[in-house]
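Colleague: Just passing along the structure, written as structure tokens.
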Amino acid sequence: MNRILLNPPIIQPVPQSVHRPLWSVMIPVYNCSQFLQETLQAVLEQDLGEAQMQIEVVDDASTDADVKALVEQIGKGRVAYFRQEQNLGSLKNFETCLNRSRGHLVHLLHGDDRVRPGYYQKMEELFQRFPQAGAAFCHFHYITETSTYLPYKYQTEAERDCVLDNWLVRLGQKQRIQYCAISVKRDVYEKLGGFYGVTYGEDWEMWMRIAKDYPMAYTPQVLADYRMHQLSISGQAFASAKNMQDLQWVINTIQQYLPETARSGVRKQALKFYAHYALRVANRLWHSSYNRQSVRAQIREALRMHQDFGMYWQILKLYTKMMLNYP
């Protein structure tokens, strides 16, 4: 079975006979049961009721726990549960989430991330204030496995609620949005299709596809938390440097969405940014696992993307640490 979709999957319109709430909070999960309670409780604290909010967990055949029992225990009948017959991979599970959604606004909230109080109210306000927007997102922070905050912070995109200017070009320079922070009108997915191509960075490609055709609304309020941990798709991709291979696919693919005059410059900026990012990942891998093979893989992909003196200096320092077994 091919787990990588080669084209954007079709998202079918909701039948006219089906009741449509304002929100669909769709929660894809796979072997992240230790975080799911926190994820669900954060949503349930903002529950607007069944008439206005669909909440559903879509389980990609997890093996780490009885996810259905966990959902029933936490949701007490309020949270729907759907389980894939077999593990299909993240892209097809996202496709299932989108096609099972009924709301006018869709929030794909991974089962290891969380929203903060006021997220859904603020997103609704943004869509009401900026009806031309196809998507709206907030500022977010990073958290660890134990829900403590990490020092990594994305820059704020604007100082106040707004529709972002020159957003397509800015977004093309680097990924600036996490799933937990963004909500999208369902009819946008119906027009453009779902996620495809790769399993690391597929969201960046999707946000670029949206930004090409629609304005995006933004609030600088921190209303979502993205969790970093070794069991996540991101964590697994780091070990083999598949993260950097996938990002190179994304960088090349999104060129078609950019104005022709901006493509070359944006591509160079993106490759440089993620080459240096690969070296930061390599350093973290060395400090956390001392895995030489993974570190070398990240360095190799970094050099394929971009080369400059600063990178050579960082690589030299890292190889010196590895030779001396110094943390």
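Colleague: Mind checking which strands (runs of 3 or more DSSP E) fall wholly inside segment 1-89 and carry at least 1 residues that are under 19 Å from the mean Cα position of the chain (by Cα)?
Modeller: Values: elements: 23-29, 53-59, 80-83.
Hits in segment 1-89: 23-29, 53-59.
Colleague: Can you find a residue that is in a loop (DSSP other than H, G, I, E, B) and touching a Cys at 6+ places or on another chain (Cβ under 8 Å) anywhere in segment 153-163? If you could, list the steps in order and put the result at the bottom.
Modeller: Of the residues in segment 153-163, the ones in a loop (DSSP other than H, G, I, E, B) are 153-161.
Right, trim to touching a Cys at 6+ places or on another chain (Cβ under 8 Å) and you get none.
Scanning segment 153-163, I find no residue that is in a loop (DSSP other than H, G, I, E, B) and touching a Cys at 6+ places or on another chain (Cβ under 8 Å), so the answer is no.
Colleague: Among the listed residues Glu72, Glu56, Glu38, identify the single one that is loosely packed, with under 15 Cβ neighbours inside 10 Å and at pLDDT 95 or above. Steps first, answer last, please.
Modeller: Working: Glu56 fails: loosely packed, with under 15 Cβ neighbours inside 10 Å; Glu38 fails: loosely packed, with under 15 Cβ neighbours inside 10 Å.
Being loosely packed, with under 15 Cβ neighbours inside 10 Å and at pLDDT 95 or above holds for just one of Glu72, Glu56, Glu38, which is Glu72.
Colleague: Could we say that Trp286 is surrounded by 23 or more Cβ atoms within 10 Å (Cβ to Cβ), touching a residue at least 24 places away in the same chain (Cβ under 8 Å) and either part of a helix (DSSP H, G or I) or under 13 Å from the mean Cα position of the chain (by Cα) (or both) here?
Modeller: Working: surrounded by 23 or more Cβ atoms within 10 Å (Cβ to Cβ): no; touching a residue at least 24 places away in the same chain (Cβ under 8 Å): yes; either part of a helix (DSSP H, G or I) or under 13 Å from the mean Cα position of the chain (by Cα) (or both): yes.
So Trp286 fails the test.
Colleague: Of all residues in segment 22-40, count the ones that are β-branched (Val, Ile, Thr) and within 10 Å of Val67 (Cβ to Cβ).
Modeller: Taking segment 22-40 and keeping what is β-branched (Val, Ile, Thr), we get 25, 27, 29, 39.
When the remaining residues are screened for being within 10 Å of Val67 (Cβ to Cβ), the result is 29.
Matching residues across segment 22-40 total 1.
Colleague: Go through the residues of segment 218-226 one by one and say whether even a single one is in a helix (DSSP H, G or I) and either out of contact with any Lys or Arg (no Cβ under 8 Å at 6 or more places or on another chain) or at pLDDT 95 or above (or both).
Modeller: The initial filter retains those residues of segment 218-226 that are in a helix (DSSP H, G or I), namely none.
No.
Colleague: Taking the residues in segment 294-327 that are of a type in the set (S, T, N, Q) and over 19 Å from Gln269 (Cβ atoms) as candidates, determine which candidate is most open to solvent (accessible area, probe 1.4 Å). Steps first, please.
Modeller: At the first step, the residues of segment 294-327 found to be of a type in the set (S, T, N, Q) are 294, 298, 307, 314, 320, 325.
Adding the requirement that they be over 19 Å from Gln269 (Cβ atoms) leaves 294, 298, 320, 325.
Numbers: Ser294: 6, Gln298: 0, Thr320: 60, Asn325: 98 Å².
For segment 294-327, the residue satisfying everything is Asn325.
Colleague: Right, something else. Please work out if Glu124 is modelled with pLDDT of 95 or more, touching a strand residue (DSSP E or B) at 6+ places or on another chain (Cβ under 8 Å), not polar (S, T, N, Q) and not in a strand (DSSP E or B). Even if it seems obvious, please write down each step before you answer.
Modeller: On the way: modelled with pLDDT of 95 or more: yes; touching a strand residue (DSSP E or B) at 6+ places or on another chain (Cβ under 8 Å): yes; not polar (S, T, N, Q): yes; not in a strand (DSSP E or B): yes.
The answer is yes for Glu124.
Colleague: Quick test of your reading of the structure: Leu247 fulfils all but one of (1) at pLDDT 95 or above; (2) over 26 Å from Ile11 (Cβ atoms); (3) buried (at least 21 other Cβ atoms within 10 Å of the Cβ); (4) not small (Gly, Ala, Ser). Name the failing condition by number.
Modeller: (2)
Colleague: State yes or no: is Asn99 at positive phi and either surrounded by fewer than 21 Cβ atoms within 10 Å (Cβ to Cβ) or modelled with pLDDT under 95 (or both)? Steps first, please.
Modeller: Values: at positive phi: no; either surrounded by fewer than 21 Cβ atoms within 10 Å (Cβ to Cβ) or modelled with pLDDT under 95 (or both): yes.
Judged against the criteria, Asn99 is not a match.
Colleague: Filter segment 164-206 down to residues that are out of contact with any strand residue (DSSP E or B) (no Cβ under 7 Å at 6 or more places or on another chain) and either assigned to a loop (DSSP other than H, G, I, E, B) or open to solvent by less than 20 Å² (accessible area, probe 1.4 Å) (or both), then give me how many there are.
Modeller: Just the residues of segment 164-206 that are out of contact with any strand residue (DSSP E or B) (no Cβ under 7 Å at 6 or more places or on another chain), to begin with: 165-166, 168-176, 187, 190-206.
Of the ones still in play, those that are also either assigned to a loop (DSSP other than H, G, I, E, B) or open to solvent by less than 20 Å² (accessible area, probe 1.4 Å) (or both) are 165-166, 171-172, 174-176, 193-206.
The total comes to 21.
Colleague: Any idea how many residues of segment 11-27 are in contact with a helix residue (DSSP H, G or I) (Cβ under 8 Å, 6 or more places away or on another chain) and exposed (fewer than 14 other Cβ atoms within 10 Å of the Cβ)? I'd like the intermediate steps shown before the answer.
Modeller: Let us first name the residues in segment 11-27 that are in contact with a helix residue (DSSP H, G or I) (Cβ under 8 Å, 6 or more places away or on another chain), namely 11-14, 22-27.
Okay, now just the ones that are also exposed (fewer than 14 other Cβ atoms within 10 Å of the Cβ), so 12-13.
Result for segment 11-27: 2.
Colleague: One residue is enough: does segment 108-116 have a residue meeting the conditions outside any strand (DSSP E or B) and surrounded by fewer than 20 Cβ atoms within 10 Å (Cβ to Cβ)?
Modeller: Step one: of segment 108-116, the residues outside any strand (DSSP E or B) are 109-113, 116.
Keeping just the survivors that are surrounded by fewer than 20 Cβ atoms within 10 Å (Cβ to Cβ) gives 116.
For segment 108-116, residues outside any strand (DSSP E or B) and surrounded by fewer than 20 Cβ atoms within 10 Å (Cβ to Cβ): present.
The values are calculated or read from the model by the stated rules, or taken from the named source; none is laboratory data. Here the structure is a predicted model, which is why all the values come from computation and not from measurement. Positions of Cβ are backbone-derived with ideal geometry, glycine not excepted, and every protein chain shown enters the neighbour counts. In case anyone asks, the SASA skips ligands and DNA or RNA and just uses the protein heavy atoms, side chains included. Shrake-Rupley method; radii C 1.70, N 1.55, O 1.52, S 1.80 Å.
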